[in-house]
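The values are calculated or read from the model by the stated rules, or taken from the named source; none is laboratory data. Computed from a prediction, not measured in an experiment: that's the story for all the values here. Neighbour counts run over all protein chains shown; Cβ positions are idealised from the backbone, glycine included. What goes into the accessible areas is simple: the full protein's heavy atoms, side chains included, and nothing from ligands, DNA or RNA. Shrake-Rupley method; radii C 1.70, N 1.55, O 1.52, S 1.80 Å.
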Amino acid sequence: YDANVLNQSVLYVCHAALHRPNIGESGVVIIFYLKTAIQKYNNMNIAYHLMKTLDCFPFRIKAIHFCGFCNIVQRKFLVPGAMYYLRPHLRHRLVVHEEEGEKLLKQLQHFGMPPERLPTELGGTIELDHEKWVQERIAGGL
């Protein structure tokens with residue numbers, strides 16, 4: 001995957017969130033799991049595009065969580081890049097998780113995300129099937 005595919009994926013998921021009832025009032029929590037999502041993207045350009053994409057949607061962002069850093073480069077560049085490009089009122093909503101496994105799961109629970117609302121990659125119980133989800137959205141005309 002390249003940066004364009006990553007950005008398109010974020011756009012598609014955010015578009016799907018718009019179809020949820022009361023999304024304007026309730027807002028969204030975004031989790032970037034870096035181990036599987038963007039292993040090879042470590043530069044500020046990625047952070048810029050991700051944050052600008054999120055800025056385009058008319059829903060409230062309750063929090064942005066970064067989990068599963070693959071390397072020190074991601075930690076040193078991606079998060080500060082995201083902080084730089086976020087609007088000031090969103091900067092305090094960015095949460096960085098260095099932990100993995102049970103420690104990460106416990107931290108996410110502290111933020112109101114129990115295992116039954118998290119994918120298995122993060123220690124939760126939800127089995128994600130991206131292909132099926134995309135096919136269902138296409139079949140639904142979305």
- (1) modelled with pLDDT of 80 or more; (2) over 26 Å from Leu105 (Cα atoms); (3) among the β-branched types (Val, Ile, Thr): which one isn't true of Ile30, the others all being true? (2)
- Message: Quick test for you: out of His89, His49, pick the one residue that is within 24 Å of Ile23 (Cα to Cα), at pLDDT below 75, open to solvent by 10 Å² or more (accessible area, probe 1.4 Å) and outside any loop (DSSP other than H, G, I, E, B).
- Response: His49
- Message: Tell me whether segment 4-16 contains one or more residues that are farther than 28 Å from Gly141 by Cβ, out of contact with any Cys (no Cβ under 6 Å at 6 or more places or on another chain), in a helix (DSSP H, G or I) and modelled with pLDDT of 80 or more.
- Response: no
- Message: Being open to solvent by less than 50 Å² (accessible area, probe 1.4 Å) and under 23 Å from Leu50 (Cα atoms) is true for just one of Leu128, Leu122. Which residue is that?
- Response: Leu122
- Task: Write out, first by first residue and then by second, each pair whose Cβ atoms fall under 8 Å of each other, whose residues are 6+ apart or on separate chains, and whose first residue, in segment 90-104, is closer than 16 Å to Arg60 by Cβ and free of Cβ contacts under 8 Å to residues at least 24 places away in the same chain while the second is assigned to a helix (DSSP H, G or I) and of a type outside the set (Asp, Glu).
- Result: Arg91/Met83
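For (1) open to solvent by 90 Å² or more (accessible area, probe 1.4 Å); (2) in a helix (DSSP H, G or I); (3) modelled with pLDDT under 80, each residue gets a yes or a no:
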| position | (1), (2), (3) |
| --- | --- |
| Gly81 | no, yes, yes |
| Lys103 | yes, yes, no |
| Gln107 | no, yes, no |
| Glu116 | yes, yes, no |
